[in-house]
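K.L.:
My questions will all concern the structure given below.
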């Protein structure tokens, strides 16, 4: 596949994910709880992904009982919890800062790989850790007594840990099945998890019929909350995830991950235009330092050694 196609796909996915932050925050401010929004997002995305697999490669959905247990854990932790933590974070923090916290996941992955798996990593990982910590201190303006909401920061860090778990479990899962069926299973597991915790017959369906005033450039336009939720499911989840699969096939995981680093920056710009969430120049500097650390972490893992081919005598 042409690398240009992968670059375009990854860039559009980053923009859609970034825009989804502001759309999701608007939904949350309309009265729908973060728990119910993540339930809707998981269930809607699961239906779309399962249908896509059934129409293209239905046999890939087969799974052994042992694999189902793994997929269940990966879906609950890596999909269900990361979404919930993220929604809590954007409800209490500027969208750009919430995403910066979530995107510390690559740093956590590299630390896990180095100290738990005992794999070799490049020395730049230490620079990544230092830059990430220093950048977060600047973003939070810690010298002023921590200007950010404490629960929001904890939720953002929880999203980072859950996303790191998703990266690690997906890396293992992709060794056994294709990305589309893996996504279908993990989103289904997340949907089942939230449906058990919050049965659908208790869902406040009336919250979806509320008229929500659009922020930013369209303050006089009202839409139903369910339209914004539909955006979160389709254009904020299914479409960008599909574009990421295209990018992974064309560029590989490393380059796709690096292009994904544009998401926090784009999210901050969108939130400024739509939600009037302005970051101070010092916070913007701190965000740049954090992004630098994340990029270093993304490139710190060494590729596995290529086995030597022994020529027959």
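What follows draws every value from the coordinates through simple rules; no lab data is involved. Because the structure is predicted, anything quoted here is derived from the model rather than measured. In this analysis, Cβ positions are derived from the backbone assuming ideal geometry, glycine residues included, and neighbour counts consider all displayed protein chains.
K.L.:
Any idea what % of Cα-Cα pairs in the stretch 37-192 are farther than 21 Å?
P.N.:
Numbers: 6355 of 12090 pairs.
I get 53 percent for the Cα pairs in the stretch 37-192 exceeding 21 Å.
K.L.:
Only counting other Cβ atoms within 10 Å, I'd like 64, 26 sorted with the fewest neighbours first.
P.N.:
Values: 64 9, 26 21.
In order of increasing Cβ crowding within 10 Å: 64, 26.
K.L.:
Let me ask something else. Just want to confirm a number: the relative contact order over the chain, from Cα pairs under 8 angstrom separated by 6+ residues, in percent.
P.N.:
Numbers: 457 pairs, mean separation 127.6, N = 313.
Answer for the chain is 41 percent.
K.L.:
Mind checking the full-extension length gain between residue 167 and residue 56? Use 0.36 nm per residue of separation minus the Cα-Cα distance, one decimal, nm. Kindly include the intermediate steps, with their values, before the conclusion.
P.N.:
Numbers: separation 111, 0.36 × 111 = 39.96 nm, distance 2.49 nm.
The span from residue 167 to residue 56 would gain 37.5 nm if fully extended.
K.L.:
Per residue of the chain, what 222 nm ellipticity follows from adding -39500 (n - 2.57) for every DSSP H run with n ≥ 4, rounded to the nearest 500?
P.N.:
My calculation for the chain gives -22500 deg cm²/dmol from helical runs alone.
K.L.:
Over the C-alpha atoms of the stretch 42-130, what are the Rg and the largest Cα-to-Cα span, Dmax, in Å?
P.N.:
Answer for the stretch 42-130, Rg first and Dmax second: 17.5, 47 Å.
K.L.:
Please compute the alpha carbon radius of gyration of the chain, then divide it by the globular-protein estimate 2.2 N^0.38 Å. Two decimals is fine.
P.N.:
Compared with the compact-globule rule of thumb, the chain sits at 1.02.
K.L.:
While we're on this one: Counting other beta carbons within 10 Å of each residue's own, what order do 244, 79 fall into, fewest first? Walk me through the intermediate numbers first.
P.N.:
Details: 244 24, 79 31.
The order, fewest Cβ neighbours first, is 244, 79.
K.L.:
Relative contact order for the stretch 202-283 using alpha-carbon pairs under 8 Å, separation at least 6, rounded to a whole percent?
P.N.:
Numbers: 41 pairs, mean separation 20.4, N = 82.
Relative contact order comes out at 25 percent.
K.L.:
Please report 298, 29 as a ranked list, fewest other C-beta atoms within 10 angstrom at the top and most at the bottom. Before the final figure, lay out each step's value.
P.N.:
Working: 298 22, 29 13.
Listed from fewest to most nearby Cβ atoms, that is 29, 298.
K.L.:
Sort 5-13, 275-283 for me by packing, meaning the mean count of neighbouring Cβ atoms within 10 Å per residue, highest on top. Mind showing how you got there, number by number?
P.N.:
Numbers: 5-13: 19.2, 275-283: 14.4.
Ranked by mean Cβ neighbours within 10 Å, highest first: 5-13, 275-283.
K.L.:
Under a crude label model (7 Å from the Cα following the beta-carbon direction), how far is residue 69 from residue 261 in nanometres?
P.N.:
Going by the 7 Å Cα→Cβ label model, 3.9 nm.
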